[in-house]
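Working notes, beginning with the structure itself.
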Amino acid sequence: MPSADVSVRVAWADDAPAIAALQLRTWQTTYAGVLPAGAVPSGPEAVAAAAAAWRGSLSRPGDARNRVLVALERNRVTGFAITGPASDPDCDPITDGELQDLTLDPGERGQGHGSRLLQAAAETMQADRFTRAVTWVLAADDGLREFLAGAGWAADGAHRELDLDGSGTTLVKQVRLHTALS
């Protein structure tokens, strides 16, 4: 049986349109029932605007340790991860890395892309000399929490509530997970 042509690599500026489209498409399911209908931008104009923002951040990262990784099947982006120094006040940005985002196309789940992407993110943080990693996940996202727990991540007791629209009406609860990088 032939093996699939799958990989993970550091994102290039040319990946910006694919990352933007994937991000906005995934937000439709991730935030369904959390955000009001129509709150997640969609359509070609929204993808173009998000792609421009992605292209800028991929071309000029704010810190040399800020990285975006893409999971690929052949040349098609199936997911992405963002890593960098941890930003929480109780974390040390020298030793604590943060998995700032782990997004996988919902139609690509269960095919190993997420596991490869998570492993590559951990290896990238190790290469950047972080010894511990943290990430924030939606408290209601049982699937992502279970996936991360299966890879050795655990809740560390920290939690927060984000006000997504600034009015206090769209709140999301998040929990922080952590893992040792060894």
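In the stretch 57-141, Cα pairs under 8 Å separated by at least six residues give a relative contact order of 29 percent.
In the elastic network of the chain, a GNM with C-alpha springs shorter than 10 Å, the most mobile of Ala81, Ala39, Ala155 is Ala39.
Take the chain, mark every one of the trypsin sites (Lys or Arg not before Pro) that falls in a DSSP loop and has at most 11 other Cβ within 10 Å, then report the longest stretch left between them, sites excluded.
1-73
For the stretch 75-126, a/c is not less than 1.5, where a ≥ b ≥ c are the root eigenvalues of the C-alpha gyration tensor, and a/b tops b/c. That puts it in the prolate class.
The mean of 1/r over all pairs of different alpha-carbon atoms in the stretch 3-73, once inverted, gives a Kirkwood hydrodynamic radius of 13.4 Å.
Just checking the listed ones, Asp105, Asp92, Asp165: in the Gaussian network model of the chain with Cα springs under 10 Å, the one fluctuating most is Asp165. What separates the Cα centres of the stretch 1-65 and the stretch 101-146 is a distance of 15 Å.
Computed with the Debye formula from one identical point scatterer per Cα of the stretch 40-182, without solvent, the log10 of I(q)/I(0) at q = 0.19 Å⁻¹ comes to -1.35.
Of the residues Ser57, Ser167, Ser115, which exhibits the maximal mean-square fluctuation in a Gaussian network model of the chain defined by a 10 Å Cα contact cut-off? Looking only at Ser57, Ser167, Ser115, the largest GNM fluctuation is found for Ser167.
Each value in this text was obtained by applying a stated rule to the coordinates, not by laboratory testing. Model, not experiment: these values are computed from the prediction. Positions of Cβ are generated from backbone atoms using ideal geometry, with glycine treated the same way; all protein chains shown enter the neighbour counts.
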